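The values are calculated or read from the model by the stated rules, or taken from the named source; none is laboratory data. These numbers were taken from a predicted model, which means no experiment stands behind them. Heads up, the Cβs are rebuilt from the backbone with ideal geometry, glycines too, and the neighbour counts pull from every protein chain shown.
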Amino acid sequence: MKRITLQAQRGATMLMVIILMAVMLLGGLALARMTETGFLISGNVASKDASVHAAEVGWNVAYAQVKALADENADTGGWYWATMQATSATTGIPSAINFDATPVVAGGVERYAVTYAVERMCNIAAVTVASRECLVKQADVLQDQSFDAPDYQPKNSRQFRITVRVTDARGTQTWTQSLVTKGG
């Protein structure tokens, strides 16, 4: 029978402890990495949410400008176009508009640069028949009116597309769009 000495066992134990410590270290690093990723994701979600709130300020300013618009048939001030502009096929964002030259919303939006552009959803500038030349929203028919009545005329509200770009301090851009009606 062969006897194993105490010195030979000490070396094997040390090797097992080193391997176990290496496995525990790798597990701790993986756990730290997962925790860090969770914080990054929650930070990005919060940043995106704040930029969407900033976009609402841009919509409000743009809508107030649309309501105050004197001449819908003429492009105005680098923020309004009387006809639909060409859009990117992948994003739907107007590619013909230079958003670096559109107005910047002042006040109420810290840490963000908010710009906006408005397009009338018409295919020609001098509109004569809105229901044929523009995207319109028809008002609901009143109960005492009939579609087949000879004097029936639906009230068309022209549609305007508001596109808002929000840029944060890191240069991340958030784009939002909304259709609004002016009425009439």
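For segment 45-60, the criterion of being more than 17 Å from the chain's Cα centre (by Cα) and either of a type in the set (A, V, I, L, M, F, W, C) or under 30 Å from Cys134 (Cβ atoms) (or both) is met by no residue. Checking each residue in segment 51-95 for being in a loop (DSSP other than H, G, I, E, B) and either acidic (Asp, Glu) or farther than 20 Å from Trp175 by Cβ (or both) picks out Ala68, Leu69, Ala70, Asp71, Glu72, Asn73, Ala74, Asp75, Gly77, Ala82, Thr83. Within segment 163-173, the residues that satisfy the criterion of being within 15 Å of Val104 (Cβ to Cβ) and among the β-branched types (Val, Ile, Thr) are Thr163, Val164, Val166, Thr167. Here segment 108-150 is the region considered, the condition is being surrounded by 13 or more Cβ atoms within 10 Å (Cβ to Cβ) and of a type in the set (Phe, Trp, Tyr), and the residue that is modelled with the lowest pLDDT is Tyr112. Among residues of segment 73-96 that are of a type in the set (D, E, K, R), those with a beta-carbon under 7 Å from a residue that is surrounded by 12 or more Cβ atoms within 10 Å (Cβ to Cβ) and assigned to a strand (DSSP E or B) at least six positions away or on a different chain give the pairs Asp75/Trp81.
Among the residues making up segment 32-65, those that are of a type in the set (Val, Ile, Thr) and over 28 Å from Thr115 (Cβ atoms) are Thr35, Thr37.
Restricting segment 31-44 to residues that are of a type in the set (A, V, I, L, M, F, W, C) and modelled with pLDDT under 80 leaves a set whose member that is nearest to the chain's Cα centre (by Cα) is Leu40.
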